[in-house]
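Please read the structure below before turning to the comments.
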Amino acid sequence: MNKLTKCLINKDKSCVPVWFMRQAGRYLPEFQKIRSQNPDFIKLCLNSELSAEITLQPIKRYDLDAAIIFSDILMLPFGLGQEVKFEKNLGPKLSKIEINKLLDVKENKFINKLDQVYKAIEKTRKELDKSKSLIGFVGAPWTLLIYMFDLKKNKKDLNIVNFNFNKDEVKSLLQKITEFLCIHIKKQKEAGADIIQIFDSWAGLLPEEHLKQFCYAPNYEIVKFCRKINIPSICFPKGIGYRYKEFMEIVKPDCLNIDSDINPNWAKENLNNVCLQGGMDPKLLLNNEGKLFDEVDKYLNIFNNRAYIFNLGHGLLPETNPEVLKSVIEKVRSYK
Ligand code: CP3
């Protein structure tokens, strides 16, 4: 059993495994080089050779316990037939959703469209040392719906006033997405992923009365499925504040990633019987090293007696200095 699995499954406290969300990404010059030669982001995700190479870039540079496959949560709507484009500074743009067409998509067609993602996982697993985990991932249904219905016009404005949560077709869609996320997870596992992280990045935007149906219930279905096929799960319902406790009690994942708004002392007291991950604000990596190291220590000290995986409260920022990340990893390694 590798370190991350021991922590997730056995709730082992004897070491603190470390990896970072967005560790394969824009802050690395070696990623930028490949990216500049590959302007179409989706095509890059479907190039299994390059995707495996990008996945391994941070592993070559740093002493990390896990690789996360270079792909995107939006590969799911892509697999269901929506076009996905990434425009500079605008974020992802999807073609207008055609619900009936989408509900008709068959499993085989979906798997064929995403075949290269699974090939990339196979390639990565072959090259990755056995002591390290390979993390597969999905976006949770609500976070995907935000993009699929274009509910976020830009980084700040959310356009859900006119979104009809109660429409039958929205419910059918929620079911379809959950079902196909499970297919996507099973294929990632068969290709060699040994942990699944479920990103609900926009859970915090859900109106309270819809949290159960649009966040807890689908996350629970996915976690239940992961347990059935024997792969540990990490949930990240970002932005739901003290409702993390309710989420944990209902969804029961193997691990919970906390965001930077969660007080780690509160988390330690209120989120029991679960491995915890992350929490530290990624912006701190842009700060002077004194404050940064104090914060690294703070998280390590608070979670000293818990199964804890070092990570952040969100993905690494593109402006992060790769050398600063290196010093954080060394700091975590030198603890205990
Ligand atoms: O290193 C890793 O973490 C693995 C790869 C990964 C990417 N996206 C690559 C990527 C993972 C796990 C994701 C998850 C993802 N994608 C989420 C959930 C986590 C989160 O950040 O909240 C979301 C919401 C997306 C959707 C998405 N993809 C957005 C909003 C954007 C553009 C803006 C941004 O934050 O970068 C992307 C593009 C994307 N996905 C990039 C990378 C490396 C940047 C591509 C580029 O412009 O070069």
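The values are calculated or read from the model by the stated rules, or taken from the named source; none is laboratory data. None of the values given here were measured: they were computed from a predicted structure. Please note: Cβ atoms are built from the backbone with ideal geometry, for glycine as well, and neighbour counts cover all protein chains shown. Ligands, DNA and RNA are excluded from the accessible area calculation, which covers all protein heavy atoms including side chains. Shrake-Rupley method; radii C 1.70, N 1.55, O 1.52, S 1.80 Å.
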query = Taking H as built 1.01 Å from N, whose amide H comes closer than 5 Å to the amide H of Phe137, not counting residues under 5 places away?
reply = Gln197
query = For the chain, list the cysteines whose Cβ sits under 4.7 Å from no other cysteine Cβ?
reply = Cys7, Cys15, Cys45, Cys182, Cys215, Cys226, Cys235
ask   = Given the Cα-Cα distance of Arg333 and Lys33 and 0.36 nm per residue of separation, how much length would full extension add, in nm?
value = 105.1 nm
Ordering of 210-223, 68-81 by burial proxy (mean other Cβ atoms within 10 Å per residue, highest first) = 68-81, 210-223
ask   = If you keep only loop residues by DSSP, which GluC sites (Glu not before Pro) in the stretch 264-336 have at most 14 other Cβ atoms within 10 Å of their Cβ?
value = Glu319
note = Gyration tensor on Cα atoms of the stretch 182-336, a ≥ b ≥ c root eigenvalues, a/c under 1.5 rounded, else prolate if a/b beats b/c, else oblate, says prolate
key: Debye, to nearest 20: dipole size of the stretch 3-334, +1 on Lys, Arg Cβ, -1 on Asp, Glu Cβ   = 440
inquiry  = Are there DSSP H segments in the chain that both extend 15 Å or more along their axis (alpha-carbon positions) and score a mean Kyte-Doolittle hydropathy of at least -1.0? List them, or say none.
reply    = 48-61, 168-191, 217-228, 289-302, 322-333
note = Note to self: with every protein chain in place and a 1.4 Å probe, the stretch 123-255 gives an accessible area per residue in Å² of 44
remark   = Surpassing 20 Å at the alpha-carbon level, of the pairs Lys176/Lys224; Lys291/Lys331; Lys85/Lys186; Lys33/Lys189, are Lys85/Lys186; Lys33/Lys189
task = Using only the Cα atoms of the stretch 1-116, each taken as one equal point scatterer with no solvent, compute I(q) by the Debye sum, divide by I(0), and report log10 of the ratio at q = 0.13 Å⁻¹.
result = -0.66
remark   = The aspartates and glutamates whose Cα lies under 12 Å from the Cα of Lys93, excluding any fewer than 8 residues away in the same chain, are Glu83, Asp150
remark   = Here the averaged projected area of the chain, based on the convex hull of its alpha-carbon atoms and given in nm², is 15.6
key: Relative contact order, percent, the chain [alpha-carbon distance under 8 Å, six or more residues apart]   = 21
message = Nearest 5 percent is fine: what portion of the DSSP beta bridges confined to the chain is antiparallel?
response = 20
query = Of the heavy-atom accessible surface of the stretch 235-301 (probe 1.4 angstrom), what whole percent is carbon and sulfur?
reply = 43
key: the stretch 205-260: radius of gyration over Cα atoms, expressed as a fraction of 2.2 N^0.38 Å   = 1.08
inquiry  = Under the rule of at least 5 residues apart or a separate chain, name every residue whose amide H is placed under 5 Å from the amide H of Ile309.
reply    = Leu276, Gln277, Gly278
task = Per DSSP H run of at least 4 residues, take -39500 (n - 2.57); add these up for the chain, divide by its residues and hand me the 222 nm value, nearest 500 deg cm²/dmol.
result = -13000 deg cm²/dmol
